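The values are calculated or read from the model by the stated rules, or taken from the named source; none is laboratory data. Quick caveat: nothing in here was measured; it's all calculated off a predicted structure. Virtual Cβ from ideal backbone geometry, glycine too; neighbours counted across all protein chains shown. Heavy atoms of the whole protein, side chains included, go into the accessibility calculation; ligands, DNA and RNA do not. Shrake-Rupley method; radii C 1.70, N 1.55, O 1.52, S 1.80 Å.
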Amino acid sequence: MNENRHPIDDLFRDGLSQHSVEAPMHVWERIDQTRTPVYKLLNNFKQNSRWYLSVAAGLVLMSSAAIMFLVNEPQQGLAEGTLSNAPQIHTEKTPSAPGTAAFKTTNPEAEIANPANTSGPSGTDISGTESAGTETAGSGTTPSGRTNPTDPGSSTPSQYAGGLSTQFENPGTEEMGGEVAVPEYEKTAVGEGEIPETTDAGTEPTDPNTDPVSTPPTPTPGPAPDKKQVPTEPSDWALEVLGSYDFMSRRIENADPAYVSARKNAEKMGAAYTFQLRAQYRLNDAFALRSGVSFSQHHEKLNFTHTQSNTEIVERQETGYILDPINGPTPITYTVRDTVTTTTTTSAKSDNTYTFIDIPVLLNYTFYTSNKLNLGVSGGPVFNLAFKQKGQIIGPVNNEIIDLNSSANPFRTYAGVNLMLNLSASYELNKRFDLLFEPGLRYGMSSLTSKGFGVTQKYSSVNLFTGIRYRF
Amino acid sequence: MSEEELINGCVREDRASQYALYKTYAGKMLAVCRRYARTDLEAEDILQEGFIKVFDNVSKFRHNGSFEGWIRRIMVNTALKLYRKNSFKNEVIGIDDNYDMPQDATVLEKMSQAELMKMVQGLPEGYGIVFNLYAIEGFSHAEIADTLGVNEGTSRSQLAKARKWLQKKVIDSQKIEYERK
């Protein structure tokens, strides 16, 4: 290992290997702080902040989606909601004669409002079940007690078959005979066990006037409303995923123009991109609110070479001889001044990375709407959550290189508020999905460096967002 | 508190033991860090990070060598990590004169640690790292080449330049000493 030991090596090894200096207490205090569980936890969070933020963003989005779904649920049943204004009708499918579908309908209001349809408990409860009396009121009888032959309710096979048929003059049923006075025109030639020739009441209402949806005040126990047939209103919520290639622009201000020039020459803008996951809430036909999580990253290449020359005069004593004509060669000591020029070249190369996690809050105004195309403008503040840097930059004092991973990092951990202004175009792909294109500008309002650094550094960018919107 | 007790206390994360460990070794380790750092502040950063690593990994110490040597190695590695991050390449041009080492050994012995330290710290960074690793820490050129990601030839060349640079400084300092007499 030390096959070529040199006296200089020995001199410095012997002198310095056990060299000790006084260790400052503030370093211990800093170390001690890092040993606390809270610090360890925070440090762990800091090291894995990207992961935690991603999880948090995912949870927020999932929660938002769940809330949107829950909020959206009653809106989808809006048409059904019209029934809520009408008397409560409960329709359930009951087993009936083979090959038929029958509905048992309960209408409490009808039970009260149309007592004339019944001739008392004994007259109604023919089959001895509660449903028999209510069926009398609701099964296609008009308020006056008339039966509409075309009413699907009146054609419910099981109702006739099960009990109501006894209200009619059916020779086959003699249990209630004569107790209920049924007008002649109300009599239907339906015998017990017979199925009327009308269509299945449970599937196709033949008279639109009896559609319980369209005539809420006089509900009739018709078919169960089919949700698929009920037009649903579009939700006001949508989820948007966008990506952008960004064209960055940087502003550096410092009292020393040479420093600004050195920075501009040494640091070149690289690739930059942004991803956004946003929720949109439509306030009305023209305005919509958009917010979510934005992840941006941009790169800069540092290629810096700085040459500094330092000239110093070094004096040394030399011994020589002069020829003394009397004494012969005589030794003398004289001073020699050497000029030594030391040229120091400092070079640094690094790929700097700046990462931002933001929350944009944008208001969108749609000014043009056609069949499928919407055009608008959106704008608003972008609040920074976290700002992280990697690499090296040139410092303002003697062009020293500052490592952004060291404690000398002059950047703030919070990038402040930016302003965003976009043109927003959306093209409807289908009922649920829109294609988005949003060119825009993001303007950095505050400096990313701390005040003590003495350099103002701001970024702006031109963004070309494209993405997809999913409408709930 | 013996070294064994100190180590066991640190494994238990006992604060008093950690403080005692710091008090015992921080002075020597800061001197090590200063040889690799550009500034005193940077040396303190290395010292802090190094001690945090020591406390986090003290349970992994296997008692194969000296504990001080183990801590010193962590400090040097921490300093080298910073060096690699900075990826500096400083070069000094213009010192081409050959200087012979003075023959008077007593003069060399009189040189204080502070003077030697100042000279080592004054070495251009590339030379300084190689000289520190080779001459003081005892690394081989192969180890240096592997650690710094350079070839062995570069390491040898940097060492030669560092020696020449230091020789000149030593001679200059003696001349000044001589003139004072």
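Suppose all protein chains stay in the model; what accessible area per residue would a 1.4 Å probe give for segment A:235-471, in Å²? Please list the in-between numbers first.
Working: 12070 Å² over 237 residues.
I get 51 Å² per residue for this part.
Do any of A:390/A:458; B:28/B:60; A:46/B:60; A:388/A:451; A:349/B:161; B:28/B:53 go past 19 Å between their Cα atoms, and which? Table pairs above 19 Å Cα-Cα are B:28/B:60; A:46/B:60; A:349/B:161. Of the residues making up segment B:12-39, those losing 50 Å² or more of accessible area when the isolated chain is joined by the remaining protein chains, with a 1.4 Å probe, are B:15, B:19, B:22, B:28.
Using the Cα centre as the reference, give the magnitude of the dipole from point charges on the C-beta atoms of segment A:335-399 (Lys, Arg: +1; Asp, Glu: -1; all else neutral), rounded to the nearest 20 debye.
Details: 5 positive and 3 negative charges, 18 e Å.
So the dipole magnitude of segment A:335-399 works out to roughly 80 debye.
For segment A:322-359, a decrease in accessible area of 40 Å² or greater in the assembled protein chains relative to the isolated chain, with a 1.4 Å probe, applies to A:340, A:343, A:345, A:347.
Can you pull the percent of segment A:336-375's accessible area that's carbon plus sulfur, 1.4 Å probe, other chains left in place? All intermediate terms of the calculation are to be shown ahead of the outcome.
Values: 1050 of 1960 Å².
Heavy-atom surface of segment A:336-375 belonging to carbon and sulfur, 1.4 Å probe: 54 percent.
The HN-Hα couplings worked out from phi for segment A:428-440 by the Karplus form 6.51 cos²θ - 1.76 cosθ + 1.60 (θ = phi - 60°) are 6, 7, 7, 4, 10, 10, 10, 8, 10, 9, 9, x, x Hz, whole numbers, x standing for Gly and Pro. The string of couplings for segment A:368-385 from the Karplus curve (6.51, -1.76, 1.60, θ = phi - 60°) is 9, 9, 10, 4, 10, 9, 10, 10, x, 10, 9, x, x, x, 10, 8, 7, 9 Hz, one whole number per residue in order, with x for Gly and Pro.
Compute the FRET efficiency between residue B:39 and residue A:347 as 1/(1 + (r/R0)^6), taking r as their Cβ-Cβ distance and R0 = 25 Å, and round to the nearest 0.05. Approximately 0.85, to the nearest 0.05. Across peptide A:311-321, the average count of Cβ atoms from other chains found within 10 Å of a residue's Cβ is 2.
Could you sort A:344-355, B:118-129 so that the peptide with the highest average Cβ count within 10 Å comes first and the rest follow in order? The partial results should precede the final answer.
Values: A:344-355: 17.1, B:118-129: 19.9.
Ranked from most to least packed, the peptides come out as B:118-129, A:344-355.
Ranked by the mean number of other Cβ atoms within 10 Å per residue, highest first, peptides A:271-282, A:445-456 order as A:271-282, A:445-456. Near the amide H of residue A:449, within less than 5 Å, lie the amide hydrogens of A:412, A:457, all on another chain or at least 5 residues away, with H placed in the peptide plane. Between residue B:5 and residue B:68, the contour length at 0.36 nm per residue exceeds the alpha carbon distance by 21.2 nm.
Using a cutoff of 8 angstrom between alpha carbon atoms and counting only pairs six or more residues apart, the relative contact order for segment A:235-471 works out to 22 percent.
Take each peptide in A:54-65, A:10-21, count the other Cβ atoms within 10 Å of every residue, and average; sorted highest first, the result is A:10-21, A:54-65.
Heavy-atom accessible area buried between chains A and B is around 4900 Å² (1.4 Å probe, both sides summed). Surface analysis of segment B:3-86 yields an accessible area of 45 Å² per residue, using protein heavy atoms and a 1.4 Å probe.
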